[in-house]
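Accompanying notes for the structure given below.
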Amino acid sequence: MSAATEKVHQMEDYQTKEESTEQEFAAGIGDTAQKDMGKVAVIISFMAIVLLVVFFYGLNQNLSSLTTEVKDLQSVRGEVATLNTQMATVDTRIVELEKLPLKTRHIIMDGMIEEMTQKAGYISQQLTPEEQAKLAQVQELLKDVQGGLQK
């Protein structure tokens, strides 16, 4: 009888089948693993693109708001410079106003000294020559004081 009809199997048949099934199984696992890894790579790249778009949009918004703030800051700087010049003008006017009473006093004193000089001139016409010389010295002193007030 033959081995096929007797249901007798030889060991070699099983060994070759196991080797071939192991190789087929390993090849199948490798193919599915490669397909799965390809899917994972596609998903990761898609997520990376989505994240890049989100970051780009956020960065673009920040830069546009920063640009508007810089423009506003430049206009504020111009306004501050204008205010500084106006404040300098106001300060000089205040200094002039503070000096005004002193100037007024000098004008009044100048008028009084001029009046004294005229009176001394009138009096000197009625005095003796010695007294006229002394009065002339007084008039010179009055002119010196008047010159000092006008400075």
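Which one is modelled with the lowest pLDDT, of the residues in the range 116-131 that are open to solvent by less than 90 Å² (accessible area, probe 1.4 Å) and more than 21 Å from Asp144 (Cβ to Cβ)?
Filtering the range 116-131 for residues that are open to solvent by less than 90 Å² (accessible area, probe 1.4 Å) and more than 21 Å from Asp144 (Cβ to Cβ), the one modelled with the lowest pLDDT comes out as Leu127.
If you go through the range 52-66 one residue at a time, do you hit one that is under 30 Å from Gln146 (Cβ atoms) and open to solvent by less than 100 Å² (accessible area, probe 1.4 Å)?
No, the range 52-66 contains no residue that is under 30 Å from Gln146 (Cβ atoms) and open to solvent by less than 100 Å² (accessible area, probe 1.4 Å).
Within the range 92-115, which residues are at pLDDT 85 or above, loosely packed, with under 12 Cβ neighbours inside 10 Å and acidic (Asp, Glu)?
Glu115
Only one of Glu12, Glu69, Glu18, Glu22 is open to solvent by 100 Å² or more (accessible area, probe 1.4 Å) and modelled with pLDDT of 85 or more. Can you tell me which?
That would be Glu69, the only listed residue that is open to solvent by 100 Å² or more (accessible area, probe 1.4 Å) and modelled with pLDDT of 85 or more.
Which condition does Ala81 not pass, out of (1) aliphatic (A, V, I, L, M); (2) under 30 Å from Gln146 (Cβ atoms); (3) open to solvent by less than 100 Å² (accessible area, probe 1.4 Å), if it passes all the others?
For Ala81, the exception is condition (2).
Give me the pairs: first residue in the range 109-137 and without any contact (Cβ under 8 Å) to a residue 12 or more places away in the chain, second residue surrounded by 12 or more Cβ atoms within 10 Å (Cβ to Cβ), beta-carbon distance under 7 Å, and six or more apart or on different chains, which are they?
Partner pairs satisfying both residue conditions: Leu127/Leu135; Gln132/Ser124.
The values are calculated or read from the model by the stated rules, or taken from the named source; none is laboratory data. Remember, it's a predicted structure, so these values are computed and weren't measured experimentally. Every residue, glycine as well, gets a Cβ built from its backbone with ideal geometry; the counts of neighbours run over all protein chains shown. The accessibility values were calculated without ligands, DNA or RNA, using every heavy atom of the protein model including side chains. Shrake-Rupley method; radii C 1.70, N 1.55, O 1.52, S 1.80 Å.
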